[in-house]
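The values are calculated or read from the model by the stated rules, or taken from the named source; none is laboratory data. Quantities reported herein were computed from a predicted structural model and do not represent experimental measurements. Here the Cβ positions follow ideal geometry from the backbone for every residue, glycine too, while neighbour counts run over all protein chains shown. Please note that ligands, DNA and RNA were not included when accessible areas were found on the heavy atoms of the full protein model with its side chains. Shrake-Rupley method; radii C 1.70, N 1.55, O 1.52, S 1.80 Å.
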Amino acid sequence: MIPTILVHGGAGRIAAENLAAARAGVERAVAAGRRALQGGDVLDAVVAAVRVMEDDPVFNAGRGACLDADGIVEVDAGLMRGRDLAVGAIAAVPELGDAINVARAVLERSGHCMLAADGAVRFARAQGVGQFGRDAVWTAKAQARWEAARAGIADANGQADTVGAIAIDADGHVAAACSTGGVLLKTPGRVGDSPIPGAGYYAADGLGAACATGVGEAILRRVACYDALLRIRAGLSATAAAQAVCDAVVGDDASITCGLILLDAHGGVGVAHRSAHMSHAYARGDGPIHVGHVAGETTEVIR
Ligand code: GLY
């Protein structure tokens with residue numbers, strides 16, 4: 001098996017002035033994930049890739065995440081290890097810049113799969129993990145977008161959302177991780193697909209790994225990631241499975257966006273989205289990094 005890592009920076013419409021930054025961001029994330037995959041295990045790889053995107057204000061996760069109806073950043077994140085189906089997730093946690101690190105601590109140290117809100121904050125503080133505070137998440141750009149949406153000047157929908165990473169190592173072990181600020185102007189306490197295994201992400205050795213992005217409510221109803229992996233097992237290619245699930249999630253509702261990245265159990269890559277854009281990148285072994293904003297228009301970056 002050739003170790004492979006695949007990331008996305010969210011399905012939605014990327015403003016023209018952000019296209020280059022989104023491209024550079026997913027490329028950096030894949031590079032960091034690949035370094036971790038070479039030196040560590042597959043969970044290290046997906047966490048490293050997501051951490052790069054959480055710290056990059058161009059994405060709706062960590063620093064730069066969108067604000068809720070109260071003007072607060074509340075984040076969700078989750079990850080899964082395919083070897084033993086271990087899951088760690090957090091939901092509706094305020095002002096946390098590195099949600100995926102706390103989700104990992106839940107997986108490794110809590111004895112539970114998911115912690116929410118104040119309980120998650122108290123767990124993180126007791127464990128000494130998590131970068132908390134408005135400075136860890138707030139950006140002037142997210143504030144301006146929130147003010148424009150509240151004033152009805154800008155649409156709250158269609159913003160590129162969520163970051164995710166999936167990886168497979170030389171022994172066929174897989175992992176998946178995702179992190180998000182959710183939906184602009186969301187009701188405080190709202191939880192989307194990103195912390196929910198099967199919906200926002202899934203990883204099982206022998207089956208594959210998946211991450212979703214888009215309107216969480218629609219993705220949740222379809223248990224999109226698990227559905228996509230079952231379609232691969234039923235005989236679809238990774239790309240065909242990703243496309244079929246995006247189509248099922250969106251249906252004929254033009255207000256819904258959905259994107260999926262998939263790895264099958266043999267390292268086959270699938271990318272599909274029903275949105276104007278979904279920045280994504282992948283790398284196999286030491287080969288070139290492939291980067292794109294639109295599925296099927298992925299180009300190689302040779303460094
Ligand atoms: N897909 C992220 C969310 O809806 O929260």
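Annotations for the structure displayed:
- Each Lys and Arg adds +1 at its Cβ and each Asp and Glu adds -1 at its Cβ; summed about the Cα centre, the chain shows a dipole of about 160 debye.
- Where the Cα pairs of region 170-232 fall when distances are cut into 5 Å bins, in %: 4, 20, 28, 21, 13, 7, 5, 2, 1
- Think of a 1.4 Å ball rolled over the protein heavy atoms: region 105-212 then has 40 Å² of accessible area per residue.
- On the basis of the beta-carbon distance and an R0 of 30 Å, ALA69 and ALA21 show a calculated FRET efficiency of 0.65.
- A convex hull fitted to the Cα coordinates of region 85-134 yields 60 cubic angstrom per residue.
- Ratio of Rg to Rh for region 18-166: 0.98 [Cα atoms; Kirkwood radius as inverse mean 1/r over pairs].
- Ellipsoid semi-axes for region 1-96, based on the Cα gyration tensor and the rule √(5λ), read 24, 19, 10 Å when sorted largest first.
- In this view, the solvent-accessible surface of GLU95, computed with a 1.4 Å probe and all protein chains in place, comes to about 40 Å².
- Signed unit charges on C-beta, dipole axis of region 1-46, positive-most listed residue ILE5, LEU37, ALA20: ALA20
- Two-decimal Rg to Rh for region 156-303 - Kirkwood Rh, Cα set: 0.96
- In the chain, the DSSP-assigned H stretches of four residues or longer account for a calculated mean residue ellipticity at 222 nm of -10000 deg cm²/dmol, using -39500 (n - 2.57) per stretch and the full residue count as denominator.
- Prolate/oblate/rounded call for region 105-236, Cα gyration tensor, a/c under 1.5 rounded: oblate
- Couplings 3J(HN,Hα) of region 80-91, computed from phi: 8, 10, x, 4, 10, 6, 5, 10, x, 8, 9, 9 Hz, in residue order, whole Hz [Karplus 6.51 cos²θ - 1.76 cosθ + 1.60, θ = phi - 60°; x for Gly and Pro].
- Rolling a 1.4 Å probe over the protein heavy atoms leaves LYS141 with an accessible area of roughly 110 Å².
- Largest to smallest accessible area among ARG221, ARG109 [probe 1.4 Å]: ARG221, ARG109
- Averaging 1/r over each pair of different alpha-carbon atoms in the chain and inverting the result gives 18.2 Å, the Kirkwood hydrodynamic radius.
- The Cα center of region 50-64 and the Cα center of region 25-42 differ in position by 15 Å.
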